[in-house]
1. Of everything in the stretch 66-89 that's touching a residue at least 40 places away in the same chain (Cβ under 8 Å) and either in contact with a helix residue (DSSP H, G or I) (Cβ under 7 Å, 6 or more places away or on another chain) or in a helix (DSSP H, G or I) (or both), which residue is surrounded by the most Cβ atoms within 10 Å (Cβ to Cβ)?
2. So T110 clears everything in (1) more than 30 Å from A30 (Cα to Cα); (2) surrounded by 10 or more Cβ atoms within 10 Å (Cβ to Cβ) except one condition, right? Which one?
3. Give P31, P92, P26 a once-over and let me know the one that is in a loop (DSSP other than H, G, I, E, B), within 30 Å of G107 (Cβ to Cβ) and assigned by TED's automatic domain parsing to the domain that holds G107.
4. So which of P26, P31 ends up being surrounded by 10 or more Cβ atoms within 10 Å (Cβ to Cβ), in contact with a Cys (Cβ under 9 Å, 6 or more places away or on another chain) and under 30 Å from D137 (Cβ atoms)?
5. Give me the residue from the stretch 81-110 that is aliphatic (A, V, I, L, M) and within 16 Å of K59 (Cα to Cα) and, out of that set, farthest from the chain's Cα centre (by Cα).
Amino acid sequence: MIASALFDLENKHSVRVVGQIERGLPSPKAPYWQLIEFAWVQCIPLSIVSYAITYSVGKSFAIKHDYEIDSSQELIALGGSNLFSSFFSCIPVGASLSRSAVQESSGGRTQLVSLVNCVGICAVLLYFGSLLEQLPDVRSFTKLNQLFLIFIFKFIGSSRDHYMCGFEDTITRS
(Lines give C-alpha, C1' and ligand atoms only; values in the text may rest on other atoms or scores of the structure.)
Protein backbone atom coordinates (compact mmCIF):
# COMPACT_ATOMS: atom_id res chain seq x y z
CA MET A 1 0.00 0.00 0.00
CA ILE A 2 2.66 2.43 1.04
CA ALA A 3 4.93 1.58 -1.90
CA SER A 4 2.03 1.87 -4.32
CA ALA A 5 1.13 5.33 -3.04
CA LEU A 6 4.75 6.44 -2.57
CA PHE A 7 5.90 5.43 -6.06
CA ASP A 8 2.55 6.41 -7.63
CA LEU A 9 2.43 3.10 -9.47
CA GLU A 10 -0.91 3.85 -11.11
CA ASN A 11 0.08 7.12 -12.80
CA LYS A 12 3.84 6.85 -13.30
CA HIS A 13 4.18 3.15 -14.11
CA SER A 14 0.74 2.27 -15.53
CA VAL A 15 0.10 -0.35 -12.85
CA ARG A 16 -3.62 -0.89 -12.39
CA VAL A 17 -4.74 -0.55 -8.77
CA VAL A 18 -7.77 -2.06 -7.06
CA GLY A 19 -9.67 1.24 -6.97
CA GLN A 20 -12.97 1.94 -5.23
CA ILE A 21 -13.91 -0.69 -2.64
CA GLU A 22 -17.49 -0.69 -1.45
CA ARG A 23 -17.81 -0.53 2.31
CA GLY A 24 -20.03 -2.83 4.25
CA LEU A 25 -21.02 -6.45 4.10
CA PRO A 26 -22.56 -7.77 0.90
CA SER A 27 -26.30 -8.25 0.86
CA PRO A 28 -27.46 -11.81 0.36
CA LYS A 29 -28.92 -12.58 -3.04
CA ALA A 30 -29.98 -15.74 -4.76
CA PRO A 31 -27.20 -17.41 -6.74
CA TYR A 32 -27.45 -17.62 -10.52
CA TRP A 33 -28.94 -21.10 -10.66
CA GLN A 34 -28.82 -20.95 -14.46
CA LEU A 35 -25.04 -21.42 -14.27
CA ILE A 36 -25.46 -24.96 -12.95
CA GLU A 37 -26.39 -26.09 -16.46
CA PHE A 38 -23.01 -24.90 -17.76
CA ALA A 39 -20.74 -25.45 -14.77
CA TRP A 40 -21.83 -28.72 -13.15
CA VAL A 41 -19.22 -30.81 -14.96
CA GLN A 42 -16.37 -28.57 -13.74
CA CYS A 43 -17.84 -28.45 -10.23
CA ILE A 44 -17.57 -32.20 -9.66
CA PRO A 45 -13.75 -32.48 -9.68
CA LEU A 46 -13.46 -29.17 -7.82
CA SER A 47 -15.70 -30.42 -5.02
CA ILE A 48 -13.89 -33.79 -4.83
CA VAL A 49 -10.47 -32.13 -4.57
CA SER A 50 -11.75 -29.56 -2.07
CA TYR A 51 -13.23 -32.30 0.12
CA ALA A 52 -10.09 -34.42 -0.13
CA ILE A 53 -7.88 -31.50 0.91
CA THR A 54 -10.22 -30.48 3.73
CA TYR A 55 -10.44 -34.02 5.07
CA SER A 56 -6.70 -34.69 4.80
CA VAL A 57 -5.82 -31.43 6.56
CA GLY A 58 -8.31 -32.26 9.30
CA LYS A 59 -7.00 -35.82 9.55
CA SER A 60 -3.38 -34.69 9.81
CA PHE A 61 -4.19 -32.34 12.70
CA ALA A 62 -6.40 -35.01 14.30
CA ILE A 63 -3.49 -37.44 14.29
CA LYS A 64 -1.10 -34.82 15.60
CA HIS A 65 -3.38 -33.74 18.47
CA ASP A 66 -4.96 -37.15 19.14
CA TYR A 67 -8.63 -36.63 18.33
CA GLU A 68 -11.10 -38.14 15.87
CA ILE A 69 -12.84 -36.50 12.92
CA ASP A 70 -15.94 -37.74 11.16
CA SER A 71 -15.71 -37.75 7.36
CA SER A 72 -19.50 -37.38 7.01
CA GLN A 73 -19.51 -34.37 9.31
CA GLU A 74 -16.70 -32.80 7.27
CA LEU A 75 -18.69 -33.34 4.05
CA ILE A 76 -21.85 -31.82 5.54
CA ALA A 77 -19.91 -28.84 6.92
CA LEU A 78 -18.18 -28.22 3.60
CA GLY A 79 -21.41 -28.49 1.64
CA GLY A 80 -23.32 -26.29 4.07
CA SER A 81 -20.58 -23.66 4.04
CA ASN A 82 -20.50 -23.59 0.25
CA LEU A 83 -24.30 -23.41 0.02
CA PHE A 84 -24.45 -20.55 2.54
CA SER A 85 -21.58 -18.65 0.92
CA SER A 86 -23.18 -18.90 -2.52
CA PHE A 87 -25.78 -16.36 -1.35
CA PHE A 88 -22.98 -13.82 -0.82
CA SER A 89 -21.07 -14.42 -4.10
CA CYS A 90 -18.14 -16.03 -2.27
CA ILE A 91 -15.55 -18.32 -3.76
CA PRO A 92 -15.84 -22.02 -2.87
CA VAL A 93 -14.90 -22.92 0.69
CA GLY A 94 -12.05 -25.32 1.44
CA ALA A 95 -9.28 -26.00 3.91
CA SER A 96 -5.91 -24.32 3.77
CA LEU A 97 -2.97 -26.29 5.11
CA SER A 98 -0.73 -23.23 5.33
CA ARG A 99 -3.29 -21.13 7.20
CA SER A 100 -4.13 -24.00 9.56
CA ALA A 101 -0.42 -24.57 10.22
CA VAL A 102 0.17 -20.88 10.96
CA GLN A 103 -2.80 -20.78 13.31
CA GLU A 104 -1.64 -23.92 15.09
CA SER A 105 1.98 -22.80 15.37
CA SER A 106 0.90 -19.47 16.83
CA GLY A 107 -0.90 -21.28 19.62
CA GLY A 108 -4.44 -21.52 18.26
CA ARG A 109 -6.16 -24.67 19.48
CA THR A 110 -9.88 -23.83 19.10
CA GLN A 111 -12.27 -22.18 16.65
CA LEU A 112 -11.70 -18.92 18.51
CA VAL A 113 -8.74 -18.30 16.19
CA SER A 114 -11.05 -18.42 13.17
CA LEU A 115 -13.53 -16.15 14.94
CA VAL A 116 -10.77 -13.58 15.50
CA ASN A 117 -9.87 -13.86 11.80
CA CYS A 118 -13.52 -13.28 10.86
CA VAL A 119 -13.67 -10.18 13.06
CA GLY A 120 -10.53 -8.88 11.34
CA ILE A 121 -11.99 -9.48 7.88
CA CYS A 122 -15.25 -7.77 8.89
CA ALA A 123 -13.30 -4.79 10.23
CA VAL A 124 -11.53 -4.47 6.87
CA LEU A 125 -14.82 -4.74 4.98
CA LEU A 126 -16.59 -2.24 7.21
CA TYR A 127 -13.91 0.30 8.10
CA PHE A 128 -10.52 -0.18 6.45
CA GLY A 129 -11.37 -1.03 2.83
CA SER A 130 -10.34 2.42 1.64
CA LEU A 131 -6.77 1.71 2.79
CA LEU A 132 -6.56 -1.16 0.31
CA GLU A 133 -7.67 0.83 -2.75
CA GLN A 134 -4.10 1.68 -3.78
CA LEU A 135 -2.94 -1.94 -3.85
CA PRO A 136 -1.95 -3.20 -7.30
CA ASP A 137 -4.67 -5.14 -9.07
CA VAL A 138 -3.98 -8.84 -9.63
CA ARG A 139 -3.99 -8.33 -13.39
CA SER A 140 -1.04 -5.92 -12.97
CA PHE A 141 1.28 -8.31 -11.14
CA THR A 142 3.33 -9.05 -14.23
CA LYS A 143 4.19 -5.37 -14.60
CA LEU A 144 4.74 -5.06 -10.84
CA ASN A 145 7.03 -8.11 -10.83
CA GLN A 146 9.11 -6.54 -13.59
CA LEU A 147 9.47 -3.33 -11.59
CA PHE A 148 10.36 -5.30 -8.45
CA LEU A 149 13.02 -7.31 -10.26
CA ILE A 150 14.54 -4.17 -11.76
CA PHE A 151 14.65 -2.63 -8.28
CA ILE A 152 16.26 -5.74 -6.77
CA PHE A 153 18.88 -6.01 -9.52
CA LYS A 154 19.74 -2.33 -9.22
CA PHE A 155 19.92 -2.62 -5.43
CA ILE A 156 22.13 -5.71 -5.56
CA GLY A 157 24.30 -4.21 -8.30
CA SER A 158 24.83 -0.89 -6.53
CA SER A 159 25.39 -2.31 -3.07
CA ARG A 160 27.17 -5.58 -3.84
CA ASP A 161 30.63 -4.28 -3.01
CA HIS A 162 29.35 -2.56 0.13
CA TYR A 163 27.69 -5.70 1.52
CA MET A 164 30.28 -8.26 0.43
CA CYS A 165 33.05 -6.45 2.38
CA GLY A 166 35.75 -8.84 1.22
CA PHE A 167 33.75 -12.04 1.88
CA GLU A 168 34.01 -13.00 -1.80
CA ASP A 169 37.74 -13.67 -1.29
CA THR A 170 36.91 -15.95 1.63
CA ILE A 171 34.30 -17.77 -0.44
CA THR A 172 36.61 -18.33 -3.42
CA ARG A 173 39.48 -19.56 -1.21
CA SER A 174 37.47 -22.25 0.57
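1. Selected residue: S86.
2. Just one mismatch for T110, condition (2).
3. On inspection, the qualifying residue turns out to be P92.
4. Every option except P26 fails the conditions.
5. A101
The values are calculated or read from the model by the stated rules, or taken from the named source; none is laboratory data. Computed from a predicted structure; not experimentally measured. Heads up, the Cβs are rebuilt from the backbone with ideal geometry, glycines too, and the neighbour counts pull from every protein chain shown.
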